[in-house]
Amino acid sequence: MSLLRVQGLTKKFGGLNAVEDLSFDIQTGSVHSIIGPNGAGKTTLLNLLTGVYQPSSGKIAFEEHDLTGRAPHEYASHGIARTFQNLQVFFNMSALENVMVGRYMHERCGLASTLLRGPGLKRAEKTCRDEAAELLRYVGLQDYLSSASDSMPYGALKRLEIARALATKPKMMLLDEPAAGLNPTEALELENLIGRLTERGVTVVLVEHNMRLVMGVSDHILVLDYGRKLAEGPAQSVRNDPKVIEAYLGSSVPHDGSFGKDIAAAVTIGVEMRR
Amino acid sequence: MLQRLASPRTGGLLALAAAIVLLPFLLSNSYFYDIAILVGLNAIVCVGLNLLIGYAGQISLGHAGFFGLGAYGSAILASRYGWPPLAAMLTTTLAVAALAFLVGRPILRLKGHYLAMATLGLGIIIFMVITTEDKFTGGPDGLSVVPFSIGEYTLRGERLWYWIVGALLLFAVWLALNLIESPAGRALRALHSSEVGAEVVGIDAARQKVMVFVISAVFASVAGSLAAHYSGFVTPGKVAFFHSIELVTMVVFGGMASTFGAVVGAAVLTTLPQLLTVFKDYEMMVFGAVMMGTMIFLPRGVVPSLGRLLELRRQGAASRSDPRT
Ligand SMILES: Nc1ncnc2c1ncn2[C@@H]1O[C@H](COP(=O)(O)OP(=O)(O)OP(=O)(O)O)[C@@H](O)[C@H]1O
Ligand SMILES: [Mg+2]
């Protein structure tokens with residue numbers, strides 16, 4: 001049984017089809033990467049898969065539940081968590097509180113016991129605090145246990161979002177360019193963290209331009225171009241697909257194949273050329 | 001234990017309690033008591049409004065409307081229909097909560113300026129209804145209100161009212177602090193910062209906003225009911241747009257997202273006009289100057305700015321006495 005099933009998903013912005021007639025499955029336990037050139041529709045797809053955008057047409061089913069048209073918090077309650085390409089950290093709170101917010105679904109209680117602060121709530125708050133601290137350590141943010149989030153460096157904020165998403169106890173986690181802006185050491189740590197996420201039983205959906213990372217962790221890759229599926233399959237077969245290299249490099253791809261068949265190298269160059 | 005006493009929560013509650021208990025030593029006559037009661041009632045409204053504006057980040061320019069509904073609801077039920085004041089107040093509060101719930105859903109879907117306009121409109125509608133339905137409300141002339149009584153016992157006199165309002169203010173602050181330091185309170189602050197970030201961790205932002213809107217309306221309504229019984233009179237003045245602005249100003253002046261700031265804001269901006277009467281004709285100008293000065297020099301509001309100043313000084317002192325630095 002597939003964890004997530006997407007059928008004929010389309011998102012139109014005016015005349016533009018940011019995502020067009022897309023169908024794919026995601027299996028439990030895998031690291032499923034979604035790659036594609038800038039503007040290919042990767043972020044739009046993640047927004048669709050978390051209810052942030054409503055599809056123009058198509059269906060999204062998670063564990064056989066049809067979630068099409070639901071609100072983002074309902075996607076979250078089914079076990080889908082995510083991070084953002086443009087950070088959505090709660091900058092008015094400490095790092096710890098950001099993660100505590102992630103535990104909202106497992107902590108919330110009635111209005112009366114909230115307002116009167118019953119003993120149950122006090123105990124739950126202590127557990128919440130402890131588990132949030134534990135998650136900060138888990139993602140490697142032990143130095144920021146008492147930091148205000150607006151004083152943290154960019155790389156740490158990226159991981160803070162992962163800790164917050166983990167706090168929801170997700171079955172599937174969608175990461176939108178988690179390695180963007182990270183230095184090579186941080187990117188390596190991230191690779192390690194993604195590995196540990198899958199050991200924890202979380203299925204990871206990774207949107208990323210850093211091909212070293214993508215090739216290092218992915219079981220399965222979906223390539224998007226202009227909102228459409230360009231290629232899909234096990235990491236090994238996708239990396240050798242000439243269509244994919246072409247999409248990344250456009251007409252500049254030498255037809256004598258002098259870039260070699262290694263998409264990892266070709267794509268890295270292609271992305272650098274575009275930036 | 002000592003550490004708990006010094007925490008902003010317990011320490012702040014104790015400081016507020018101490019201020020309420022000690023203030024009567026400074027209040028030499030009933031005129032001062034009257035101002036103190038006014039401060040307390042405004043502070044209750046502001047503590048609730050601050051949950052909405054300061055914590056959840058949703059503006060309301062119509063809260064004088066809820067204050068007015070509380071005042072007129074109590075006045076009409078208790079004085080025109082002879083209900084026991086307590087029953088009149090509870091019924092009114094429930095009705096205001098229901099109204100806030102019903103209008104909250106569609107209104108709070110709006111953001112920024114649009115939300116401001118919608119709440120402004122709500123306040124104006126309430127004001128219009130109160131001034132035109134003069135059969136019930138007495139129209140522009142207002143309505144006299146029976147004193148608050150529970151059974152045979154009637155609450156009279158500034159001193160007694162002072163203690164009642166003081167106790168209720170303390171209770172209101174306690175409720176607000178409890179809410180803020182709970183999962184629901186964190187959810188409010190979270191959606192203030194990033195609504196989509198809050199939604200994707202499972203927070204139903206629309207529902208949370210409606211909840212805090214209802215709570216803030218209830219605080220305003222209860223304060224309105226009490227104000228009506230205390231002063232023995234209600235007029236449309238306190239329902240008008242200008243009073244909504246005054247309330248928002250108190251919250252911003254004291255410091256957004258600071259419960260004690262809301263109390264300080266209410267205290268300063270309620271007392272200041274009384275003290276400024278010495279400036280006679282220039283009263284409003286001086287008032288305006290104080291407001292502008294605060295916003296320029298203490299942009300985060302009085303209490304958070306002062307808190308930050310103290311924090312910096314303490315850090316400064318600590319690093320000077322630390323031989324390593
Ligand atoms: N809210 C929106 N309104 C209108 N157009 C949008 C919106 N969001 C995205 N688009 C457009 O949809 C297309 C896909 O954008 P999207 O952000 O999904 O790309 P992406 O693959 O994530 O790119 P990148 O690698 O740069 O992050 C782009 O042409 C973009 O301009
Ligand atoms: Mg993107």
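The values are calculated or read from the model by the stated rules, or taken from the named source; none is laboratory data. The structure displayed is predicted, hence computed values, not measured ones. Methodologically, a virtual Cβ is constructed for each residue, glycine included, from the backbone with ideal geometry; neighbour enumeration extends over all protein chains shown.
Numerical summary
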quantity: Matching entry among A:Lys59, A:Lys11 (being out of contact with any Phe, Trp or Tyr (no Cβ under 9 Å at 6 or more places or on another chain) and of a type outside the set (Phe, Trp, Tyr)); calculated: A:Lys59
quantity: Filter result (small (Gly, Ala, Ser) and within 14 Å of B:Ala17 (Cβ to Cβ)) within segment B:162-194; calculated: B:Gly166, B:Ala167, B:Ala172
quantity: Residues being farther than 21 Å from A:Gly79 by Cβ, crowded, with 19+ Cβ neighbours inside 10 Å and touching an Asp or Glu at 6+ places or on another chain (Cβ under 9 Å) - total across segment B:163-183; calculated: 1
quantity: Filter pass, A:Thr114 being without any contact (Cβ under 8 Å) to a residue 24 or more places away in the chain and at the interface with chain B (Cβ under 7 Å from one of its Cβ atoms); calculated: yes
quantity: Within segment A:83-102, considering residues that are over 17 Å from B:Gln208 (Cβ atoms) and not in a helix (DSSP H, G or I), the one farthest from ligand 2 (Cβ to nearest atom); calculated: A:Ser94
quantity: Output for segment A:131-146, where each listed residue is in a loop (DSSP other than H, G, I, E, B) and crowded, with 17+ Cβ neighbours inside 10 Å; calculated: A:Val139, A:Gly140, A:Leu141
quantity: Sole exception among (1) touching a Gly at 6+ places or on another chain (Cβ under 7 Å); (2) under 23 Å from A:Ser23 (Cβ atoms); (3) at pLDDT 90 or above for A:Tyr248, by number; calculated: (3)
quantity: Criterion violated by A:Thr28 - all others in (1) within 23 Å of A:Glu177 (Cα to Cα); (2) more than 16 Å from ligand 1 (Cβ to nearest atom); (3) surrounded by 16 or more Cβ atoms within 10 Å (Cβ to Cβ); (4) not assigned by TED's automatic domain parsing to the domain that holds A:Arg164 satisfied; calculated: (3)
quantity: Qualifying residue in segment A:180-197 (condition: in contact with a strand residue (DSSP E or B) (Cβ under 7 Å, 6 or more places away or on another chain), farther than 26 Å from A:Glu107 by Cβ, more than 14 Å from chain B (Cβ to nearest Cβ) and within 16 Å of ligand 2 (Cβ to nearest atom)); calculated: no
quantity: Qualifying residue in segment B:161-171 (condition: within 14 Å of another protein chain (Cβ to nearest Cβ) and under 30 Å from B:Leu13 (Cβ atoms)); calculated: yes
quantity: The listed residue being surrounded by fewer than 21 Cβ atoms within 10 Å (Cβ to Cβ), touching a residue at least 24 places away in the same chain (Cβ under 8 Å) and assigned to a helix (DSSP H, G or I), out of B:Val268, B:Val222, B:Val251; calculated: B:Val268
